[in-house]
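Inspection log for the structure reproduced underneath, given as structure tokens.
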Amino acid sequence: MASYRIPFNRPTFLGAETGYIADSLAAAHISGDGKFTKKCHEFLEQRLGVSKAFLTTSCTHALEMAALLLDIQPGDEVIVPAFTFVSSINAFVLRGATPVFADIRPDTLNLDERKLPGLISDRTRAIVLVHYAGVACEMDVIMSLAGQHGITVVEDSAHALFARYKGRNLSTFGQFATLSFHETKNFTCGEGGALLINDSSLIERGEIIREKGTNRGRFFRGQVDKYTWVDLGSSYLPSDMLAAYLWAQFEGSADIQARRREIWERYDHQLADWASENGVQLPTVPAYCDQSYHMYYLVLPSFSARTALIQHLKDCGILSVFHYLPLNVSDMGRRFGGKAGDCPVAESVADRLLRLPFYYALKPSEQDEVLSAIAAFESWD
């Protein structure tokens, strides 16, 4: 892969991570659910106000746990935005669910809640929504519709830790929510995730599923004299060394978020006139949403304009990237009946969206270079 003077991403590193990993090694507990895992659980539960947080090896695995907890069966339908990463639906397809692809809003690029009434059927078991770029979906409408039809809502909050909707933390609306701590996210441990459970009646089963389908947790608490296989499950526990790295990031979360906000707001301010003059759409954040400052993107007027700008930035030593390809026109999506034209907004945006370099360690001088390179771009259609 070509090297760039300014990459798209650099994983966040604050400095305390190595010391905490050393502490984990010294404690001789580097498998799952050690001291640092428990500290991360408590942090998420207290900061967000969720009933239970379970660290997992990825957001994908957190979604798989949610599908198991929902007892998804063949023939069940799960609604998902077409513009998302495959894990959002793959976790449910693995249990036999049929995906139902929803188009997205043209402003926030979130699942278009206005399309939901036409997608819900008597086989709909869940709506998996994605808070794209850390900006909330329209939760009032979605939760009302889900309640009317007895449908579970799963919040894929991979982009959205600490974001809010009308003053309420995201990840607290649905029965479940999932987080990602991949290296591209605001807070990282390289690879990692979390399942957040807002229904306390499901916590014990969640623990069992996470522990390979055994009641091992009860054994360690002295509630049973031996543990055994009692349910479906898999190995979803991350190493405590990964949790140690993550704990350092949680401790520094205010600093991380403040820096990311500075970068996001500078992009938004500096690009406003350029975007208006050139027909480029910038991120939309409704006044009642507090975003997570996860990414900064441009929606160019055309596919060719995006291609040209990516190449122009590459020539300047700057890596910019596109994002998701619509699920409904993917090879697997077509196997489930998806086709071109089903989700026109998602299909159009996917061809035109470009993400700019965005990471904690991005220097002001580097951001200046990105902004200057964009201002010099002249290869429009």
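The values are calculated or read from the model by the stated rules, or taken from the named source; none is laboratory data. Bear in mind that the values here come from a model prediction, so they are computed numbers and not experimental data. Heads up, the Cβs are rebuilt from the backbone with ideal geometry, glycines too, and the neighbour counts pull from every protein chain shown.
Residues checked against (1) under 20 Å from the mean Cα position of the chain (by Cα); (2) buried (at least 21 other Cβ atoms within 10 Å of the Cβ); (3) farther than 30 Å from HIS41 by Cα:
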{"residue": "PRO238", "(1), (2), (3)": "yes, yes, no"}
{"residue": "LEU242", "(1), (2), (3)": "yes, yes, no"}
{"residue": "GLY279", "(1), (2), (3)": "no, no, yes"}
{"residue": "ALA287", "(1), (2), (3)": "no, no, yes"}
{"residue": "TYR297", "(1), (2), (3)": "yes, yes, yes"}
{"residue": "LEU300", "(1), (2), (3)": "no, yes, yes"}
{"residue": "PHE303", "(1), (2), (3)": "no, no, yes"}
{"residue": "LEU313", "(1), (2), (3)": "no, yes, yes"}
{"residue": "CYS316", "(1), (2), (3)": "no, no, yes"}
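Residues that are out of contact with any His (no Cβ under 9 Å at 6 or more places or on another chain) and in the same structural domain as PHE181 (by TED's automatic domain parsing), at least 2 per element: which strands (runs of 3 or more DSSP E) completely within the stretch 51-125 meet that? Where strands (runs of 3 or more DSSP E) fall fully within the stretch 51-125 and carry at least 2 residues being out of contact with any His (no Cβ under 9 Å at 6 or more places or on another chain) and in the same structural domain as PHE181 (by TED's automatic domain parsing), they are 77-81, 98-102.
The rows are residues; the columns are (1) within 24 Å of LEU246 (Cβ to Cβ); (2) touching a residue at least 60 places away in the same chain (Cβ under 8 Å); (3) exposed (fewer than 14 other Cβ atoms within 10 Å of the Cβ).
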| position | (1), (2), (3) |
| --- | --- |
| PHE176 | yes, yes, no |
| SER180 | yes, yes, no |
| THR188 | yes, yes, no |
| LYS212 | yes, no, no |
| PHE220 | yes, no, yes |
| LYS226 | no, no, yes |
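Against the conditions (1) aliphatic (A, V, I, L, M); (2) touching a helix residue (DSSP H, G or I) at 6+ places or on another chain (Cβ under 8 Å); (3) in a helix (DSSP H, G or I), ALA133 satisfies every one except (2). When THR57 is tested against the conditions (1) buried (at least 22 other Cβ atoms within 10 Å of the Cβ); (2) in contact with a Pro (Cβ under 7 Å, 6 or more places away or on another chain), the lone failure is (1). Taking the criterion of being closer than 30 Å to PHE13 by Cβ, touching a strand residue (DSSP E or B) at 6+ places or on another chain (Cβ under 7 Å) and assigned to a helix (DSSP H, G or I), would at least one residue in the stretch 307-320 satisfy it? The answer is yes; a qualifying residue exists. Of everything in the stretch 179-217 that is part of a helix (DSSP H, G or I) and touching an Asp or Glu at 6+ places or on another chain (Cβ under 8 Å), the residue that is farthest from LEU68 (Cα to Cα) is GLY217. Of the residues making up the stretch 143-152, those that are surrounded by fewer than 22 Cβ atoms within 10 Å (Cβ to Cβ) and touching a Leu at 6+ places or on another chain (Cβ under 9 Å) are LEU145, ILE151, THR152. With respect to the conditions (1) assigned to a loop (DSSP other than H, G, I, E, B); (2) surrounded by fewer than 18 Cβ atoms within 10 Å (Cβ to Cβ), LYS38 lacks only one, and its number is (1). A count restricted to the stretch 211-228 and to residues that are closer than 20 Å to THR56 by Cβ and not hydroxyl-bearing (Ser, Thr, Tyr) stands at 8.
Can you confirm whether GLY341 is modelled with pLDDT of 95 or more and in a loop (DSSP other than H, G, I, E, B)? The answer is yes for GLY341. Only one of the listed residues (SER24, SER3) is buried (at least 22 other Cβ atoms within 10 Å of the Cβ), among the small types (Gly, Ala, Ser) and farther than 18 Å from SER180 by Cα. That residue is SER24.
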